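The structure under discussion appears below in the form of structure tokens.
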Amino acid sequence: GENVEQHPSTLSVQEGDSAVIKCTYSDSASNYFPWYKQELGKGPQLIIDIRSNVGEKKDQRIAVTLNKTAKHFSLHITETQPEDSAVYFCAASVSGYALNFGKGTSLLVTP
Amino acid sequence: GAVVSQHPSRVICKSGTSVKIECRSLDFQATTMFWYRQFPKQSLMLMATSNEGSKATYEQGVEKDKFLINHASLTLSTLTVTSAHPEDSSFYICSAPGWGGSYEQYFGPGTRLTVT
């Protein structure tokens, strides 16, 4: 089955700096890679996603890059703000079916 | 966008009792829904796939007789934790997939189960 590895497990940055979270996956059939933000006691919230036919996608301060050959994808957050502090999960799936999640990255943005 | 609700948001039950969690798609139909479990400070783990009109598909290691899933309609799936024990205490989250070529999944807000 699919195995998704996520690094780092914790990340602390200063407000205004960039944050990068990296994930690798094992199943070459995976073609959908979403990123979720989860706040304490809440369900995950989709922040950006990418399909395997695209190498990069950007939405304001958030971007995701995908390297299919190397089977890794990354989340980039620029100009971080304290409200970006949360746990971020990457995931992989085949055509939007059941998601396999990474273990999460706890991001702390300090003022 | 599409909305998925869960009820209850929090539940406390005594060991040995059963508890039912509902997952509803509010403005769209979902022939498939997914149930995930999340222990504190851990990731979401898929428990089972709920299929409208047929039996649920359980992931390896998930007891189907303990976690009963019923997909009664195109907008409702229920998860019943039977004979709950303290180790079943967790955050249970459901999701429903998008439609029309969208791969996005819509997550519910989760249900915090505490078994005493």
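With respect to the numbered conditions (1) under 18 Å from A:H7 (Cβ atoms); (2) polar (S, T, N, Q); (3) surrounded by fewer than 21 Cβ atoms within 10 Å (Cβ to Cβ), which one is the sole condition not fulfilled by A:N100?
(3)
Among the listed residues A:T65, A:T80, identify the single one that is away from chain B (no Cβ under 14 Å), under 11 Å from the mean Cα position of the chain (by Cα) and outside any helix (DSSP H, G or I). Give the steps one after another, and end with the answer.
Numbers: A:T80 fails: under 11 Å from the mean Cα position of the chain (by Cα).
On inspection, the qualifying residue turns out to be A:T65.
Within the range B:61-84, count every residue that is in contact with a Gly (Cβ under 8 Å, 6 or more places away or on another chain) and in contact (Cβ under 8 Å) with a residue 60 or more places away in the chain.
Filtering the range B:61-84 for residues in contact with a Gly (Cβ under 8 Å, 6 or more places away or on another chain) gives B:71, B:83-84.
Filter once more, so that each one left must be in contact (Cβ under 8 Å) with a residue 60 or more places away in the chain: B:83-84.
Selection size over the range B:61-84: 2.
Among the residues of the range A:2-52, how many are within 13 Å of the chain's Cα centre (by Cα), part of a loop (DSSP other than H, G, I, E, B) and crowded, with 18+ Cβ neighbours inside 10 Å?
Residues that pass the stated criteria total 1.
Is there a residue in the range B:32-42 that is at pLDDT 95 or above, of a type in the set (K, R) and surrounded by fewer than 16 Cβ atoms within 10 Å (Cβ to Cβ)?
No.
One line per residue, one yes/no per condition, for (1) more than 9 Å from chain A (Cβ to nearest Cβ); (2) among the acidic types (D, E); (3) closer than 16 Å to A:A98 by Cα:
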| position | (1), (2), (3) |
| --- | --- |
| B:T31 | yes, no, yes |
| B:Y36 | no, no, yes |
| B:F39 | yes, no, no |
| B:L46 | no, no, yes |
| B:S50 | yes, no, yes |
| B:S54 | yes, no, no |
| B:E63 | yes, yes, no |
| B:K66 | yes, no, no |
| B:A72 | yes, no, no |
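Scanning for something loosely packed, with under 15 Cβ neighbours inside 10 Å, within 11 Å of another protein chain (Cβ to nearest Cβ) and farther than 16 Å from B:T17 by Cα, does the range B:85-92 turn up at least one residue? Explain how you work it out, then say what you get.
Filtering the range B:85-92 for residues loosely packed, with under 15 Cβ neighbours inside 10 Å gives B:85-87.
Then keep just the ones that are within 11 Å of another protein chain (Cβ to nearest Cβ); that gives none.
So far as the range B:85-92 goes, no, none of its residues is loosely packed, with under 15 Cβ neighbours inside 10 Å, within 11 Å of another protein chain (Cβ to nearest Cβ) and farther than 16 Å from B:T17 by Cα.
In the range B:92-115, how many residues are among the β-branched types (V, I, T) and within 20 Å of A:S93 (Cβ to Cβ)? Let's see the steps before the verdict.
Filtering the range B:92-115 for residues among the β-branched types (V, I, T) gives B:93, B:111, B:114-115.
Now restrict to residues that are within 20 Å of A:S93 (Cβ to Cβ): B:93.
The qualifying residues number 1.
Checking B:G108 against (1) buried (at least 22 other Cβ atoms within 10 Å of the Cβ); (2) without any contact (Cβ under 8 Å) to a residue 24 or more places away in the chain, only one condition comes out false. Which one?
Checking B:G108 against (1) buried (at least 22 other Cβ atoms within 10 Å of the Cβ); (2) without any contact (Cβ under 8 Å) to a residue 24 or more places away in the chain, the one that fails is (2).
For the range A:22-62, give me the residue count where each residue is of a type in the set (G, A, S), under 25 Å from B:F39 (Cα atoms) and more than 14 Å from chain B (Cβ to nearest Cβ).
Looking only at that region, the number is 1.
Looking at (1) within 12 Å of chain A (Cβ to nearest Cβ); (2) more than 22 Å from A:L40 (Cβ to Cβ); (3) touching a residue at least 60 places away in the same chain (Cβ under 8 Å), find the lone condition where B:C23 falls short.
Exception for B:C23: condition (2).
Just the residues that are buried (at least 19 other Cβ atoms within 10 Å of the Cβ) and either within 8 Å of the chain's Cα centre (by Cα) or without any contact (Cβ under 8 Å) to a residue 40 or more places away in the chain (or both), please, taken from the range A:86-97.
The answer is A:Y88, A:F89, A:C90, A:A91.
The values are calculated or read from the model by the stated rules, or taken from the named source; none is laboratory data. These numbers come from a predicted model, not from an experiment. No Cβ is skipped: glycine too gets one built from the backbone with ideal geometry, and neighbour counts run over all protein chains shown.
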